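Below is one structure; the comments refer to it alone.
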Amino acid sequence: MISAPTNDIEFRSVTKRYGAVTAVSDINLTVPKGAFVALLGPSGCGKTTCLRMIGGFEQPSEGEVLIAGKVANGVPAYRRPVNMVFQQYALFPHFDVEKNVAYGLKQLRPKLPVAEISRRVGEALEMVRLSGFAKRRIHEMSGGQQQRVALARALVNKPSVLLLDEPLAALDKKLRTAMQIELQTLQRDLGITFVLVTHDQEEALSMSDLVCVMSAGRIRQLATPQEVYDRPADLFVADFVGKTNRFDGTLEAGGTVRLGNGAALPVSRKDLAPGAVTVALRPEAIRLSRGTGNAATLEGTVTHRIFLGSAAEYSIAIDGLGDMLVTAERQTQNDLVAPGERVAISFDPGTAHIFPA
Ligand code: ATP
């Protein structure tokens, strides 16, 4: 008996070149069936190229792309169980919603019966909560509604994988947040694999089951959002996902890092060999106290404060070292520290990330 593949998408040593440009370099990746994966990284890192190779709009220069356990190299886009939602929704503005959603189904050969097309369009519109909008023209709809039409059009032929290329980029912040929840709900309900391309780390962390962090054509980390944030694989990931404070120093035997200003930070990395390292500290992992604390290892002066309501974000000039960003949740109404005040900072050794230089 052949069991169903548990990976919907697999990249085996995939490289993609455009002339002299290597867009994607020797990537290995597996996406489990029914997962919501975000490809996250700065502009030009190869996210869209990966998506287009899954969709069949580009072919790998080397290596294999597998879909549902089968090698898809050379298989044209329309023969893959995959559909794509583009950044500019690519809708026909003067058609109504129904015609836009039905467009792909009408191209199928042999032709589908009209009643079947109508039934499937109805189902797709229901999925994206647009039943009742079938006769509305695209240019009479809001940005969020147009986005849902684009989704319905991509879902109408029941793909097993949906590819989303920065689908929320054109929406304002409030609508984007609402659509993030909607997309996540839709994916859970349908149980199909979603691959989302985004350069917005908040979007990647909030929506997906797995985040694939990329830079310069390579994968830096593939893990759950929490793992990527709490245990970044390298300095690039620590910097790109969330905010981070970085300090260069020397890891000494006994588990302290000696910084440039002479301070010795306690860290809990007995596994690393002594030598040059970079310490990365999340702003919210740092505790602030007024004045000079005995136990504190670093002291400085507050240079700037951003009031956030339930928390405050401080810039602190650490003596002999440089600026540090600290986010402090407020415990009482009187615990805001003012610019100019002297503070001591401390943190749990386990929250410091140490990377060999
Ligand atoms: P963005 O977020 O800006 O869309 P991306 O991470 O999706 O970026 P890609 O679009 O995959 O990155 O591009 C990766 C690299 O390949 C870039 O250097 C880009 O300039 C190059 N590239 C992409 N498409 C082509 C093409 N058709 N011809 C030549 N170079 C290309």
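Only the coordinates and a few stated rules stand behind these numbers; no lab work does. Note that the coordinates shown come from a computational prediction; the quantities given were computed from them, not determined experimentally. Note that we place each Cβ from the backbone using ideal geometry, even for glycine, and neighbour counts take in every protein chain shown.
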Practice task
Grab the other residues whose beta carbon is less than 15 angstrom from that of Tyr18, score K and R as +1, D and E as -1, and report the net.
Solution key: +2
Problem - Nearest-ten-degree value, helix 143-155 long axis tilted from longest Cα axis of the chain - result: 60 degrees
Exercise for the section: For Val75 paired with Lys135, estimate the spin-label separation in nm (one decimal), with each label point 7 Å from Cα along the Cα-to-Cβ line. Expected result: 4.1 nm
Exercise for the section: Taking 7 Å along the Cα-to-C-beta vector as the label spot, tell me the Lys173-Glu62 distance in nanometres, rounded to one decimal. Expected result: 4.4 nm
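For Ala276 and Asp348, compute 0.36 nm times the residue count separating them, minus their Cα-Cα distance, and round to one decimal in nm.
Here the answer is 23.8 nm.
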Practice task
Measure nothing fancy, just the Cα-based angle from helix 173-190's long axis to the longest principal axis of the chain, in degrees from 0 to 90, nearest 10.
Solution key: 60 degrees
Problem - Distance between the stretch 91-107 and the stretch 255-284 - C-alpha centres, whole angstrom - result: 58 Å
Handout entry: C-alpha long axis of helix 114-127 to longest principal axis of the chain, angle in °
Key = 20 degrees
Exercise for the section: Quick one: dipole size for the chain, taken about the Cα centre, charges +1 on Lys/Arg Cβ and -1 on Asp/Glu Cβ, in debye to the nearest 20. Expected result: 1400 debye
Practice task
Compute the distance in nm between two label points, each set 7 Å from the Cα along the Cα-to-Cβ direction, one at Thr303 and one at Arg218.
Solution key: 3.3 nm
Exercise for the section: Would you mind telling me the antiparallel percentage of the DSSP bridges in the chain, rounded to 5? Expected result: 80 percent
Fill in the blank from the handout: Violations at 24 Å Cα threshold for listed pairs Lys16/Lys99; Lys47/Lys270; Lys33/Lys70; Lys99/Lys158 -> Lys16/Lys99; Lys47/Lys270
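Filter the trypsin sites (Lys or Arg not before Pro) in the stretch 252-344 to those in DSSP coil with at most 11 other Cβ atoms within 10 Å of their Cβ, and list the result.
Listed in order of number, the matching sites are Lys270.
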Practice task
Order by neighbour count: Asp96, Asp8, Asp335, fewest other Cβ atoms within 10 Å first, most last.
Solution key: Asp335, Asp96, Asp8
